[in-house]
Amino acid sequence: MDLSYTPEEEDFRARLREWLARTLPGLPPRPSPGDWPGRRAYDLGWQRRLYEAGYAGVHWDATPGVRLIFLEETEKAGAPYVGAGFVGLLHAGPTIAAEGTDAQRARWLPPILRGEEVWCQGFSEPDAGSDLAALRTRAWRDGDDYVVTGSKIWTSHAEVADWCELLVRTDPAAPKHRGITWLALPMDAPGITVRPLRTLAGPAEFAEVFLDEVRVPVANRVGDENDGWRVTLVTLSFERGTAFAGEVVACRRALAELAVEARKNGRWDDPALRRRLGRLNAEFRALWRLTQWNVSAAEASGGVPGAGGSVFKLRYSHARQELYDAAAEVLGPDCLDLDRPWTPDRLSSLAYTIAAGTSQVQHSIIAERILGLPKGR
Amino acid sequence: MRFRLTDDQRALRVGVREALARQFDGRALRAAVEEADGGGAAGEGTGRAVGAPRLGRGLWRALGDLGFFALRVPEADGGVGLGLPEAVLVFEEAGRALLPGPLVATHLAAGAVPGAATGETVVAAVDGGLVEWLAAADVVRGDSAGAVPLRSLDPLTPLHRVPAGRPASGTDPVAVLLTAAEQLGTATRVCELAAQHARAREQFGRPIGAFQAVAHLCAGILVRAETARAAVYAAAVTADPADIAAARILADEAAVRGARDCLQVHGGMGFTWESEVHLHLKRAWVRAQRAGGVTESEEMLAAALASETA
């Protein structure tokens with residue numbers, strides 16, 4: 001068991017720190033949460049800077065050590081979050097890298113790395129949430145195209161995306177997992193309507209996407225026809241593996257800020273509250289170690305994270321909510337003030353036990369795949 | 001960064017598990033409990049000190065021969081010369097097997113108290129207001145004057161109370177870490193027991209593990225155990241007191257809540273004396289009292305937040 005980093009990795013850390021210290025002060029002001037074109041430009045601008053400095057592909061081809069150092073240092077320095085680049089860098093990109101043809105990799109991966117194209121995710125549907133494989137958006141073959149009709153929901157960044165990783169049903173007669181195909185949908189194709197979806201947290205973060213006989217070239221299919229479910233599982237395991245690693249560092253920073261806040265307003269004198277924060281410190285330390293454990297296990301098994309990702313996702317999503325609940329206890333009546341940053345963050349935290357597989361789905365995955373319990377309903 | 005067991009560490013774990021299975025298997029566990037129990041309900045109300053198990057000297061010397069106590073003593077001094085990560089793996093197995101005795105106290109005494117390293121000397125230690133295995137010990141570290149026995153809830157851990165108000169001897173962080181390792185062993189074992197039972201026990205015409213309410217209890221046990229594992233192993237590598245405090249908090253929770261949920265999965269069978277489950281829960285409760293309990297670790301990690309901000 002080795003938690004130390006190699007001299008090369010520490011060298012990477014030192015160079016990255018130095019680069020961040022030089023680069024971050026020169027960034028433009030952050031756009032407001034509702035300004036989607038502004039957010040796109042800002043997030044892509046950051047990715048462009050990473051690309052030019054040689055850090056763009058760190059999520060894909062770096063050693064686990066380097067990847068964790070990158071997430072740790074950028075978060076500690078307060079660098080921009082991956083933002084609009086999330087689906088491209090952490091979902092669609094790794095999927096195309098693993099399952100795409102040479103031509104597909106050459107077409108789609110470089111613009112993601114250079115910060116030129118934004119991807120969104122067209123997985124969930126109004127009637128296919130936790131039961132994702134029940135999705136009904138249909139695609140028919142017509143010559144060299146698929147013709148797609150249906151609707152998607154919870155599509156983040158859809159308003160400003162160039163591409164959508166889209167799951168469609170190509171064989172309605174097959175068992176539900178075997179009739180799905182993975183397509184790269186150009187978001188400027190005729191027949192696409194995007195409608196922003198307001199969440200309980202306020203500004204629109206997601207959208208609904210309606211598809212009315214949209215033509216997608218067959219060449220945009222990643223993996224075989226009707227093999228999209230397997231291709232999708234590759235993406236989902238990435239999502240549960242390391243996609244949240246940077247957020248653990250962010251939570252540790254937020255927790256330290258919360259302790260400062262509690263000292264300022266006197267709540268720190270309450271031993272019960274203090275111990276609650278001490279417990280959260282233990283929790284996020286453990287989650288960082290679990291990340292290192294999972295990343296090391298994934299490396300040993302050939303790069304794809306296993307069901308251990310579900311363990312992390314489950315525990316992390318609840319810890320994040322507990323962090324913001326503790327923040328509310330520290331703030332007292334101020335926890336009702338939307339102008340205190342803790343308040344909108346607390347609202348956003350409510351999504352964590354639902355998005356990317358609900359806690360209930362994760363429990364079932366763990367029960368079936370790790371503990372070998374019989375499939376239940 | 002390769003945060004996983006090395007081949008040697010895997011081999012050590014397998015070797016220890018097999019050795020403990022030979023020295024202290026399920027039957028030996030059951031026999032020890034029956035002996036301590038002295039005929040069960042017959043002892044009720046007779047004033048006989050329930051929970052007065054004997055410490056098997058043969059077992060203790062066998063553990064000494066295995067290197068259980070001398071594990072971290074340098075080879076030059078006749079020890080095994082391994083480190084904290086290996087000690088944590090060994091104590092995890094001890095916790096898993098419900099191995100009785102003042103394991104942590106004797107392990108920590110190796111090299112300092114003659115005979116401790118070889119298992120010839122049984123060493124107990126005063127920890128806050130309690131001493132485990134006082135009567136069976138040859139050497140007691142700390143001031144145990146005025147100790148009085150209490151009727152221990154754990155049939156395999158006799159306890160003495162030492163008079164209140166006496167300052168606890170400073171807690172060695174290694175003792176906290178090894179206790180966390182034992183708790184991790186319990187958490188792992190109760191996860192196995194719960195899953196086994198959920199697969200085998202049938203009600204309403206199917207295994208109870210097919211019901212989500214039961215399956216999710218089992219999954220929860222696993223999540224707590226695996227999160228604790230990452231924290232405990234990392235603390236063994238860094239030996240950082242804050243990491244150790246975090247490991248302790250996670251491992252206590254994983255063991256105590258895990259054992260309770262395991263009991264729930266077992267239903268009425270789990271409530272019987274014959275079941276193994278209550279032994280894990282009771283031992284986990286005993287360990288949770290060590291070193292000032294979880295409160296001290298929580299306060300320490302709260303204080304650590306201040307330095308992390310600076």
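The values are calculated or read from the model by the stated rules, or taken from the named source; none is laboratory data. Because the structure is predicted, anything quoted here is derived from the model rather than measured. Using ideal geometry, Cβ is built from the backbone for each residue, glycine included, and neighbour counts are taken over all protein chains shown. In case anyone asks, the SASA skips ligands and DNA or RNA and just uses the protein heavy atoms, side chains included. Shrake-Rupley method; radii C 1.70, N 1.55, O 1.52, S 1.80 Å.
Quick look at the values:
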| quantity | calculated |
| --- | --- |
| Accessible area in the full protein assembly, largest first, 1.4 Å probe, for A:D188, A:D212 | A:D188, A:D212 |
| For q = 0.08, 0.10, 0.11, 0.13 Å⁻¹, Debye-computed log10 I/I(0) when each Cα of chain A counts as one equal scatterer | -0.43, -0.68, -0.83, -1.18 |
| Distance in nm between pseudo-label sites at B:Q212 and B:L150 (7 Å out along the Cβ direction from Cα) | 4.3 nm |
| Evaluated over the stretch B:7-161, the Cα radius of gyration and Dmax, each in Å | 16.1, 53 |
| Size of the stretch A:8-56 as Cα extents on the principal axes (Å, biggest first) | 41, 19, 15 |
| In order through the stretch B:245-258: 3J(HN,Hα) via Karplus (6.51 cos²θ - 1.76 cosθ + 1.60), integer Hz, x for Gly, Pro | 4, 5, 4, 4, 4, 5, 6, 4, 5, 4, 6, 5, 5, x |
| Accessible area in square angstrom per residue, the stretch A:129-267, 1.4 angstrom probe | 43 Å² |
| Cα centroid separation, the stretch B:242-310 to the stretch A:88-163 (Å) | 44 Å |
| Note, ³J(HN,Hα) from phi for the stretch B:288-297, Karplus 6.51, -1.76, 1.60, rounded to Hz, x at Gly and Pro | 5, 7, 5, 6, x, x, 6, 4, 5, 5 |
| Where chymotrypsin sites (Phe, Trp or Tyr not before Pro) in DSSP loops with at most 16 other Cβ within 10 Å are excluded, longest remaining stretch of chain B | B:1-203 |
| Two-site label geometry, B:R22 and B:E192: point separation in nm, points 7 Å out along Cα→Cβ | 1.8 nm |
| Relative frequency of Cα-Cα separations exceeding 20 Å in the stretch A:7-113, percent | 43 percent |
| Per residue convex hull volume, Cα atoms of the stretch B:173-309, in Å³ | 101 Å³ |
| Calculated over the stretch A:222-371: convex hull of Cα atoms, volume per residue (Å³) | 131 Å³ |
| Rh by Kirkwood over Cα pairs, then Stokes-Einstein D for the stretch A:41-194 at 1.567 mPa s and 4 °C, µm²/s | 77 µm²/s |
| Protein-protein interface of the stretch A:274-290, residues with accessible area decrease of at least 20 Å², isolated chain reference, 1.4 Å probe | A:R274, A:R275, A:G278, A:R279, A:N281, A:A282, A:R285, A:A286, A:R289, A:L290 |
| Quotient of Cα Rg and 2.2 N^0.38 Å for the stretch A:119-225, N being how many residues it contains | 1.02 |
| Portion, in percent, of the accessible area of the stretch A:119-225 that falls on carbon or sulfur, probe 1.4 Å | 49 percent |
| Computed helical MRE - 222 nm, chain B, DSSP H runs ≥ 4 contributing -39500 (n - 2.57), nearest 500 | -19000 deg cm²/dmol |
| Set of lysines near B:K282 by C-alpha distance (under 29 Å), chain-local residues within fewer than 8 positions excluded | none |
| Radius of gyration and Dmax over the Cα atoms of the stretch A:98-143, both given in Å | 14.8, 36 |
| Longest segment of chain B lacking GluC sites (Glu not before Pro) that sit in a DSSP loop with at most 16 other Cβ atoms within 10 Å | B:121-273 |
| Extension gain from A:R253 to A:D127, taking 0.36 nm per residue of separation minus the Cα-Cα distance | 41.6 nm |
| The stretch B:180-250 - convex hull of the alpha-carbon atoms, volume per residue in Å³ | 65 Å³ |
| Long-range HN-HN contacts of A:D2 with modeled amide H, under 5 Å | B:R2, B:F3, B:R4 |
| C-alpha center-to-center spacing [the stretch B:1-31, the stretch B:52-121] in angstrom | 14 Å |
| Interface A:B - total buried accessible surface [probe 1.4 Å, Å², rounded to 100] | 4500 Å² |
| Cα-projected label distance for A:D102 with B:R161, points at 7 Å along beta-carbon direction, nm | 7.9 nm |
| Förster-model FRET efficiency, 25 Å R0, A:A355 and A:S4, C-beta, rounded to 0.05 | 0.15 |
| FRET efficiency, A:R178 to B:R13 (Cβ-Cβ, R0 35 Å, nearest 0.05) | 0.30 |
| Distance-filtered residues of the stretch A:311-333 - backbone nitrogen under 20 Å, label point 7 angstrom along A:L200 Cα→Cβ | A:314-333 |
| Accessible area of the stretch B:7-161 divided out per residue, in Å², using a probe of 1.4 angstrom | 45 Å² |
| For chain B, the Rg and Dmax computed from alpha carbons only, in angstrom | 19.4, 62 |
| A:T101 - accessible surface, heavy atoms, 1.4 Å probe, Å² rounded to 10 | 70 Å² |
| Amide proton proximity set for A:L197, modelled H, under 5 Å, gap of 5+ | A:E205, A:F206, A:A207, A:E208 |
| Helix-only mean residue ellipticity at 222 nm for chain A, each DSSP H run of n ≥ 4 adding -39500 (n - 2.57), per residue, nearest 500 | -15000 deg cm²/dmol |
| Derived scalar couplings ³J(HN,Hα) [the stretch A:30-40; Karplus, 6.51 cos²θ - 1.76 cosθ + 1.60; whole Hz; x for Gly, Pro] | 6, x, 6, x, x, 8, 5, x, x, 5, 4 |
| Largest-first principal axis extents, alpha carbons of the protein assembly as shown, Å | 86, 61, 54 |
